[in-house]
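For reference, the structure is listed below as structure tokens.
The values are calculated or read from the model by the stated rules, or taken from the named source; none is laboratory data. Worth saying up front: this structure is predicted, and the values here are computed from it rather than measured. With ideal geometry, Cβ positions are generated from the backbone for all residues, glycine too; neighbour counts draw on all protein chains shown. Note: areas computed on protein heavy atoms with side chains; ligands, DNA, RNA excluded. Shrake-Rupley method; radii C 1.70, N 1.55, O 1.52, S 1.80 Å.
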Amino acid sequence: MRILVGTDGSKDADAAVEWSTHLLLPADASVEVVSVMPYPTPSDAVESEAWRDVRAQSERVVDDAARRIAKRWTAVTGRVLAGAEPREAIVDAAVKSESDLIVLGARGLGAVGSVLLGSVSIGVSRHAPCPVLICKGAPRPVRTVTVALDGSADARAALEFLTALPLPWDLTVCLVGVVEPLRYPTTAPGPAAPILRAAIEDFERESRTRLNNALAPAATALRSRVRRVVTVVPTGPPAATILREAEHYGSDLIVVGARGVGALRRIALGSVSESVLRQAVCPVLIVKPSQTRSEG
């Protein structure tokens, strides 16, 4: 596995570096640490003392992060990227390096105090060629993982990526399938109320059955690898319900698909995954269908 870790020396970026040493990742992974500094303006400012100082600072940030990560992996390299847009520079680096995973902090200021990493992390998660792990909260060992499943190809890809990782036996995995309640039309005529309520109940019952059918084989496969697997199919708004279940089980990691229509065939999981990412208090791994982990 080839892992790209982005850092800018901020508190959250430092936490992401620390998180990387706790995550469920292969022992033989290779890691590249990068930091993005903006192109100087005007172009001849590249020779200025101020620009050289910023570059030296960025190099120190990369070297420090690489040193900390090297305590877990031996194949660790680092470099400073120059680009007007950090999001684009990180995505481009991931493409050229054929990265299998990008690890970022959730928020923080860039090297010159002008780049909000919050927007960078969202942008990278949207455009990256590989899964993206956005780290939040206090770094700690991963003992409980919540996986959102909705029957979509995106959700299946997220589960496949997780199961391809070296999962410890004492791990707890919570599989969550959310039944989103249909809204009762307030303009419906009174005589139609019983029929509409029955139709809504039937639809939600069918959705619950489809979700249970999606969760069952996943749970069976995982039970041979980890100590505890929990399956839940609650009703509620997708993002809020996923977060509630993750909090209930004390999750250290949430895994979601990046996009997909899901079991209800009308809600784009892109909006759900970003809502989860923005509100979660632990790391969030976002995976797209084509983003299966390459071997090696």
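Remark: pairs (first residue in the stretch 217-228, open to solvent by less than 80 Å² (accessible area, probe 1.4 Å); second residue acidic (Asp, Glu) and not in a helix (DSSP H, G or I); Cβ separation under 9 Å; 6+ apart in sequence or on different chains) = Val226/Asp170. I'd like to verify a number: residues in the stretch 278-288 that are at pLDDT below 90 and open to solvent by less than 60 Å² (accessible area, probe 1.4 Å), how many? Here the count works out to 1.
Pairs, please: C-beta under 6 Å, at least 6 apart or cross-chain, first residue under 21 Å from Leu101 (Cα atoms) and in a helix (DSSP H, G or I) and in the stretch 149-177, second open to solvent by 30 Å² or more (accessible area, probe 1.4 Å) and among the charged types (D, E, K, R)? Within 6 Å, the pairs are Asp154/Arg259; Phe161/Arg293. Within the stretch 239-252, residues that are under 12 Å from Gly137 (Cβ atoms) sit with their Cβ atoms under 9 Å from residues that are at pLDDT 95 or above and assigned to a helix (DSSP H, G or I), at 6+ positions apart or across chains, in these pairs: Ser251/Glu245. Considering the stretch 1-32, the residues that are among the hydroxyl-bearing types (Ser, Thr, Tyr) and part of a loop (DSSP other than H, G, I, E, B) include one that is surrounded by the fewest Cβ atoms within 10 Å (Cβ to Cβ), namely Thr21.
Quickly run through the stretch 116-162 and pick out the residues that are of a type in the set (S, T, N, Q) and either modelled with pLDDT under 95 or surrounded by fewer than 22 Cβ atoms within 10 Å (Cβ to Cβ) (or both).
Residues satisfying the conditions are Ser119, Ser121, Ser125, Thr144, Ser152.
Taking the stretch 244-253 as the range and being within 21 Å of Ala15 (Cα to Cα) and open to solvent by 30 Å² or more (accessible area, probe 1.4 Å) as the test, the residues that pass are Glu247, Gly250.
Put simply, of Leu167, Leu171, Leu101 the only residue that is open to solvent by less than 10 Å² (accessible area, probe 1.4 Å), more than 13 Å from Leu4 (Cβ to Cβ) and at pLDDT 85 or above is Leu171.
Only one of the listed residues (Val255, Val229) is under 19 Å from Pro129 (Cα atoms), at pLDDT 90 or above and of a type outside the set (Gly, Ala, Ser). That residue is Val255. Going through the stretch 60-77 one residue at a time, which ones are of a type outside the set (Ser, Thr, Tyr), open to solvent by 80 Å² or more (accessible area, probe 1.4 Å) and either free of Cβ contacts under 8 Å to residues at least 40 places away in the same chain or in a helix (DSSP H, G or I) (or both)? Once the filter is applied, which keeps residues that are of a type outside the set (Ser, Thr, Tyr), open to solvent by 80 Å² or more (accessible area, probe 1.4 Å) and either free of Cβ contacts under 8 Å to residues at least 40 places away in the same chain or in a helix (DSSP H, G or I) (or both), the stretch 60-77 yields Arg60, Asp63, Arg67.
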